[in-house]
1. Once you list every other residue whose beta carbon is under 14 Å from the beta carbon of residue 69, what net charge do they have if Lys and Arg are +1 and Asp and Glu are -1?
2. Go ahead and estimate [θ] at 222 nm for the chain from helices alone: -39,500 (n - 2.57) per DSSP H run with n ≥ 4, summed, over the residue count, rounded to 500.
3. Using a probe radius of 1.4 Å on heavy atoms only, what accessible surface per residue do you get for the chain? Whole Å² is fine.
4. Kindly write out, for the range 30-42 in residue order, the coupling ³J(HN,Hα) from the Karplus curve 6.51 cos²θ - 1.76 cosθ + 1.60 (θ = phi - 60°), rounded to whole Hz, with x marking Gly and Pro.
5. Roughly what would the spin-label model give for residue 20 and residue 186, points 7 Å off Cα along C-beta, in nm?
6. What's the local net charge at residue 137, with K and R +1, D and E -1, over the other residues with C-beta under 12 Å away?
7. Starting from the Cα of residue 215, draw a straight line to each of the aspartates and glutamates and keep only those under 15 Å, dropping any in the same chain fewer than 8 residues away.
8. Can you list residues from other chains, or at least 5 along the same chain, whose modelled amide H is less than 5 Å from the amide H of residue 5?
Amino acid sequence: MIDFHCHLDLYPDPEREVREADAARVYVLSVTTTPRAWIRTAQLAKGHRRIRTSLGLHPQLAHERASELPLFEELLPRTRYVGEIGLDGGSDFGKHAAIQSEVFETVLRLSAVGGGRIMSIHSRRAVDEILDRLAATPDAGTPILHWFSGTARQLRRAADIGCWFSVGPAMLRGEKGKALALAMPTNRILTETDGPFASGPAGPLRPADAWQAVKQLATTWNIPVDEARARLLDNLRILSETGPDHLKAGRLATA
Ligand code: MN
């Protein structure tokens, strides 16, 4: 099972989440929202081979944390994964559009210079600009649009430029989310929870709840759950084989 976008460091008891994700054998991309947070969040994953920690600078924090870009650059060689990054065009953050764009563009440029990264991207109400930037920086790596909420047309464009998608239980509960998931290339989908921000009936989602998304996708695809699970694990394998050689070889910290 895969939770390719989870904020492990933001649960009340992160160590417990790590233990339980490990016990449930979940592959976790532990995303961070600031470069400063990456350092201790990566420590959480130490000794847990299914957990990877990505270096992020969340668009909703860009205006407060742009000063951490030099730290981002310093830490980037230590991980193959970047996120949560992106743009947020929601009314509460739109006023910081200029600094968001500057941060996102810098992160993409640094990733390109570093040989490319696997990137977990937030694109709420900013899909067109995200896709423009990604198209302009193809060497930045493999983009994964997390909780995609754009239009069918934007989805086609995203798929055309090589985007992947991570989808979770909260997204797949709604009709729009299901329709979008059905239109995504089946060989470029992973599951996620976006916990603890995203919730289910039992409260904030946790990594093992990615299982709900596997079942929802099986229903959407009209295939048995085991087949959906196998397809998703295959996708994870393909994804982990992409990326720069010097990081693939595992000579750097496997954060
Ligand atoms: Mn998130």
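The values are calculated or read from the model by the stated rules, or taken from the named source; none is laboratory data. This structure is a prediction, so every number in the text was calculated from the model and none was measured. So basically every Cβ, Gly included, is an ideal-geometry build from the backbone, and we count neighbours across all protein chains shown. Remember, those area values only see protein heavy atoms, side chains included, never the ligands or the DNA or RNA. Shrake-Rupley method; radii C 1.70, N 1.55, O 1.52, S 1.80 Å.
1. Residues close to residue 69 contribute a combined charge of -3.
2. -12500 deg cm²/dmol
3. Working: 11270 Å² over 255 residues.
With all protein chains present, the chain gives 44 Å² per residue.
4. Here the 3J(HN,Hα) series is 8, 8, 10, 10, 9, x, 4, 5, 4, 4, 6, 5, 5 Hz.
5. With each label placed 7 Å out from Cα toward Cβ, I get 3.2 nm.
6. Numbers: positive: 109, 117, 133; negative: 105, 132, 139.
Local net charge: 0.
7. Partners found: 3, 192, 226, 227.
8. Residues meeting the criterion, in which the H sits 1.01 Å from N, are 29, 193, 194.
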